[in-house]
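Every read-out reported here was derived from the displayed coordinates using simple, explicitly stated rules and does not represent laboratory data. In this text the structure is predicted, and so the values were computed from the model without any measurement. Cβ sites come from the backbone with ideal geometry, for glycine too, and all protein chains shown count toward neighbours.
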Amino acid sequence: MRVRKAVIIAAGKGTRFLPVTRSLPKEMLPLVDRPIIQYVVEEVLTSGLSHIIMVTSRGKSLMEDYFDRIPELELFLEQKGDGERLEEMRRLSDMIGIHTVRQKEQLGLGHAVLTARDAVGDEPFAVLLPDDLIDGETPCLARMMAIYERYGGSVIAVQRVRDEDTRRYGIVTAEMVAEKLYRVTGLVEKPAAEDVPSRLAIVGRYILSPQIFDAISVTPPGKAGEIQLTDALEILLQKEAVYAFEFDGDWYDTGTPLGWLRANLAFALKRPDIAPELEEYLKGMNG
Ligand code: UTP
């Protein structure tokens, strides 16, 4: 069965970004001049999916507003003769019809995925976490969908991280089956230094078999008392194959101020209208 639906998980509290997340969802923080959520929506669309389900929570409705039409703004730009901006505004509002599902209590990423069960139904689906931004030639999700079509099972995105960073991620143990592709044999969420099985860290892109919902339903709270998707995948693994795809492309974790700043710099330095002056400025800062 083909993957048709993408679930964007954006119901987290964003405590690492307090105080700004008191009133602004972290997914609405800008990377240069567009919010993080837009990049992940564009990744879904360029991967060929158009059915998007967003898992949100209280205070996150700004994200839905962002993709809405703003007729008075369009009229203003039209009267001003700013055709370029007008076209961009129309492109944005035509982009998607978003179906939202609310996670009423933040009980963890696994639980957030489970709240999308009715909206997804009994079919394989994609899951994307907006914090993880992947910039590459072919969208990471499109590559994962191709792997799913060939191998079946579930597919998770991974990257090799430094030893000292393994405690921040879900880590997989796996056997190589092809270049950059592994069959997962075990998963552990944020392992303690003495239990780290490998340096392959889970990044926020998944193609999941619908069996994951049953697995989440029987997953007890794990790290931080939350229902972890990693733990549910460990349960799923007993029944079905799970593959790990080590993707190419630049990966940014925008869920912390430092990671977000890095991503902003990298994206700004790729913008021809901004890069030359920014480079000058940065050179000046280095003395
Ligand atoms: P994080 O671990 O980054 O948590 O969630 P968070 O709440 O977003 O941010 P911090 O750690 O408090 O700063 C990983 C992903 O899971 C989602 C988040 O929105 C993010 O996409 N999530 C997490 C939920 O949707 N619900 C939850 O209950 C927990």
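With the alpha-carbon atoms of segment 179-252 aligned to their principal axes, the span from lowest to highest coordinate is 34, 30, 23 Å, starting with the largest. Considering only GluC sites (Glu not before Pro) in DSSP loops that have at most 16 other Cβ atoms within 10 Å, the longest stretch of the chain without any of them is 1-104. For the chain, the longest principal axis of the alpha carbon atoms and the long axis of helix 257-268 meet at an angle near 60°. Only the Cβ atoms of Lys and Arg (+1) and of Asp and Glu (-1) were treated as charged; on that basis the dipole of segment 1-88 about its Cα centre amounts to roughly 820 debye.
Centre-to-centre, using Cα atoms only, segment 213-239 and segment 121-196 are separated by 16 Å.
Any lysines with Cα under 24 Å of the LYS26 Cα? List them, leaving off those in the same chain fewer than 8 positions away. List returned: LYS5, LYS13, LYS60, LYS104, LYS190, LYS223, LYS270. Taking a virtual spin label 7 Å from the Cα of GLU137 along the C-beta vector, which residues in segment 31-47 bring their backbone nitrogen under 19 Å of it? In segment 31-47, the label zone of GLU137 (backbone N under 19 Å from the point 7 Å along Cα→Cβ) covers 43, 46-47. Using the Cα centre as the reference, give the magnitude of the dipole from point charges on the C-beta atoms of segment 1-48 (Lys, Arg: +1; Asp, Glu: -1; all else neutral), rounded to the nearest 20 debye. That gives segment 1-48 a dipole magnitude of about 260 debye.
Note on the chain: helix-only mean residue ellipticity at 222 nm, from DSSP H runs of 4+ residues weighted -39500 (n - 2.57) and normalised by residue number, equals -10000 deg cm²/dmol.
Shape of segment 41-88 from the C-alpha gyration tensor: oblate (a/c of 1.5 or more and a/b not above b/c, with a ≥ b ≥ c the square roots of its eigenvalues).
Computed from backbone phi with θ = phi - 60° and the Karplus coefficients 6.51, -1.76 and 1.60, the 3J(HN,Hα) list for segment 145-152 is 5, 5, 5, 4, 5, 7, 9, x Hz; x is used for glycine and proline.
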